[in-house]
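My questions all concern the structure below.
The values are calculated or read from the model by the stated rules, or taken from the named source; none is laboratory data. No experiment lies behind these values; they were computed from the predicted model shown. Cβ coordinates were reconstructed from backbone atoms using ideal geometry, including for glycine residues, and neighbour counts include every protein chain displayed. Protein only, heavy atoms only, side chains kept; ligands, DNA and RNA dropped before computing areas. Shrake-Rupley method; radii C 1.70, N 1.55, O 1.52, S 1.80 Å.
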Amino acid sequence: MIFPKFKAAAVQTSPVFLNVAKTVDKAISFIQEASQNGAQLIAFPEVFIAGYPYWNWIMTPVQGSKWYEQLYKNSVAVEDAEMQRLFKAAKDHNIHIVIGINERGSSYGEIYNTNLIINNQGILIGKHRKLVPTWAEKLTWTSGDGSSLKVYNTEIGPIGTLACGENTNTLARFTLLTQGELIHIANYISLPVAPPDYDMAEAIKIRACAHSFEGKLFTIVSCSTISQEIKDALRSDVPNVDEILTRKNSAFSGFIGPNGAVIGTPLIDDEGIIYADIDLEKCIQPKQMHDILGHYNRFDIFDLRVNTAPTRNITFIDNHEDFNKK
């Protein structure tokens with residue numbers, strides 16, 4: 001049995017706000033850098049392509065409506081030419097990519113917060129749609145469904161992912177663990193508008209450590225930052241935007257081992273790319289102590305059922321032939 005060892009990269013940076021082409025350019029530059037430094041996996045922030053709807057937090061819904069329109073125009077489908085560039089970069093640089101996008105739905109009022117899982121052959125092997133938009137995010141995103149709550153086997157090991165606040169959802173996390181997840185990608189956005197006593201960076205770390213410790217696996221965290229460009233874009237509607245969207249300890253990116261401890265030095269607020277060596281063999285011994293997927297559970301007592309059927313907004317039934325036969 002082979003236990004993969006590889007180098008992983010986590011990116012902490014901002015997108016080029018509401019500009020898909022330039023954000024893909026930026027992503028590819030990080031992919032090139034990570035590959036040159038020997039990484040076989042790179043994680044990008046939540047909805048990195050091409051921006052987070054901060055207006056939901058700092059404007060009224062009416063004010064934010066025009067920004068929703070801009071976001072929809074800069075959302076993507078996986079078949080888009082810009083996405084093909086990203087897939088090609090994965091193949092050209094022999095690297096696995098997990099990246100957040102604003103995924104365009106079939107209705108103009110439908111955008112999904114989606115994480116793409118791309119393997120090192122440039123193949124989109126999976127996409128996960130955020131199950132429940134958090135708080136003010138409900139003004140923008142449509143909820144995903146259980147069909148995307150999956151773990152994907154790759155050359156470097158089984159990968160699962162959840163976006164931001166989903167990493168608080170114990171049942172969602174357990175669903176991934178039961179499918180053999182050993183590499184968890186948790187991506188986030190910087191959120192300076194949290195309550196005054198809420199330390200966003202610490203909250204991100206706690207969630208990542210909890211998942212790694214409970215599941216005895218590696219968690220890779222990638223968080224975005226808020227650039228001056230983003231603040232300047234929103235200034236016409238919110239003159240004091242700099243004050244509102246500037247706060248320390250709003251972003252955390254790093255790596256957590258299967259013992260629940262942080263590996264190396266994480267990035268807090270600063271932009272950049274960091275690396276860690278991942279050895280899946282290190283997941284074995286901790287599971288001997290607490291294997292909540294096996295000997296350290298009571299499935300005769302607990303029974304979790306997960307609906308993995310895709311949500312359908314309509315079902316067409318044609319009974320015409322049956323009627324004529326009667």
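So in the chain, what percent of DSSP beta bridges are antiparallel if you round to the nearest 5?
60 percent
Among 73/138; 88/216; 66/88; 88/127, which pairs are too far apart, with a Cα-Cα distance over 22 Å?
On the way: 73/138 18 Å; 88/216 33 Å; 66/88 33 Å; 88/127 17 Å.
Over 22 Å Cα-Cα: 88/216; 66/88.
Rounded to the nearest 5, what % of DSSP beta bridges with both residues in the stretch 44-193 are antiparallel? Kindly include the intermediate steps, with their values, before the conclusion.
Values: 16 of 23 bridges.
Expressed as a percentage, antiparallel bridges in the stretch 44-193 total about 70.
While we're here: Around residue 134, under 13 Å between beta carbons, what's the net of Lys plus Arg minus Asp minus Glu among the other residues? Working shown, then result.
Working: positive: 130, 138, 207; negative: 46, 137, 166.
Summing Lys/Arg as +1 and Asp/Glu as -1 gives 0.
From the phi angles alone, apply the Karplus equation (6.51, -1.76, 1.60; θ = phi - 60°) to the stretch 101-115 and give each ³J(HN,Hα) in whole Hz, x where the residue is Gly or Pro.
Result, rounded to whole Hz: 9, 8, 8, 6, x, 7, 9, 5, x, 10, 10, 10, 7, 10, 9.
Taking 2.2 N^0.38 Å as the expected size of a compact globular protein, what ratio does the Cα radius of gyration of the stretch 1-84 give against it, to two decimals?
On the way: Rg = 16.2 Å, N = 84, 2.2 N^0.38 = 11.8 Å.
Expressed relative to 2.2 N^0.38 Å, the Cα Rg reads 1.37.
Leaving out ligands and nucleic acids, note down the accessible area per residue over the chain with a 1.4 angstrom probe, in whole Å².
Values: 15330 Å² over 326 residues.
With all protein chains present, the chain gives 47 Å² per residue.
Find how much the distance from residue 281 to residue 316 grows on full extension, using 0.36 nm per residue of separation minus their present alpha carbon separation; answer in nm with one decimal. Could you put the intermediate results ahead of the total?
On the way: separation 35, 0.36 × 35 = 12.60 nm, distance 4.97 nm.
Gain in length upon complete extension: 7.6 nm.
Quick one: which residues, 5 or more positions from residue 49 or on another chain, have an amide H under 5 Å from its amide H? H modelled 1.01 Å from N in the peptide plane, none for Pro or chain starts.
Here 100, 101, 102 satisfy the definition.
A follow-up question, please. Determine, for each peptide in 292-300, 8-16, the mean count of other beta carbons within 10 angstrom over its residues, then list the peptides with the highest first. Intermediate values should be presented prior to the final figure.
On the way: 292-300: 10.4, 8-16: 25.0.
The densest-packed peptide leads the list: 8-16, 292-300.
Any chance you could get the radius of gyration and Dmax over the Cα atoms of the stretch 1-159, in Å?
In Å, with Rg to one decimal and Dmax whole: 16.0, 57.
Could you please state how large a percent of the accessible area of the stretch 1-132 is carbon and sulfur, counting protein chains only and using a 1.4 Å probe? Working shown, then result.
Working: 2620 of 5060 Å².
Result for the stretch 1-132: 52 percent of the exposed heavy-atom area is carbon or sulfur.
Here's something else I'd like to know. Counting only protein chains, not ligands or nucleic acids, how are 277, 92, 237 ordered by accessible area (probe 1.4 Å), most first?
Values: 277 115, 92 95, 237 40 Å².
Result of the area sort, largest leading: 277, 92, 237.
Over the Cα atoms of the chain, what is the Rg over Rh ratio if Rh follows Kirkwood?
Numbers: Rg = 20.3 Å, Rh = 20.4 Å.
My calculation puts Rg/Rh at 1.00.
Okay, next question. How far is the Cα center of the stretch 59-123 from the Cα center of the stretch 136-198, in Å?
Comparing the Cα centres of the stretch 59-123 and the stretch 136-198, I get a distance of 16 Å.
Tell me, what HN-Hα J-couplings in whole Hz come from the Karplus equation 6.51 cos²θ - 1.76 cosθ + 1.60 at θ = phi - 60° for each residue of the stretch 83-100, using x for Gly and Pro?
For the stretch 83-100, the Karplus-derived couplings read 5, 4, 4, 5, 4, 5, 5, 4, 5, 4, 10, 6, 9, 7, 10, 10, 8, x Hz, x marking Gly and Pro.
Would you calculate, for the chain, the mean residue ellipticity at 222 nm contributed by helices, counting each DSSP H stretch of 4 or more residues as -39,500 (n - 2.57) and dividing by all residues, to the nearest 500? Provide the component values of the computation, followed by the final result.
On the way: 10 runs with 94 residues, N = 326.
The helix contribution divided over the chain gives -8500 deg cm²/dmol.
How large, in percent, is the carbon and sulfur part of the accessible surface of the stretch 197-326 at a probe radius of 1.4 Å? Write out the running numbers ahead of the final one.
Working: 4320 of 8090 Å².
Of the solvent-accessible surface of the stretch 197-326, carbon and sulfur hold 53 percent.
With +1 on the Cβ of every Lys and Arg and -1 on the Cβ of every Asp and Glu, and nothing else charged, how large is the dipole of the chain about its Cα centre, in debye rounded to the nearest 20? Kindly include the intermediate steps, with their values, before the conclusion.
On the way: 30 positive and 36 negative charges, 87 e Å.
The calculation lands at about 420 debye.
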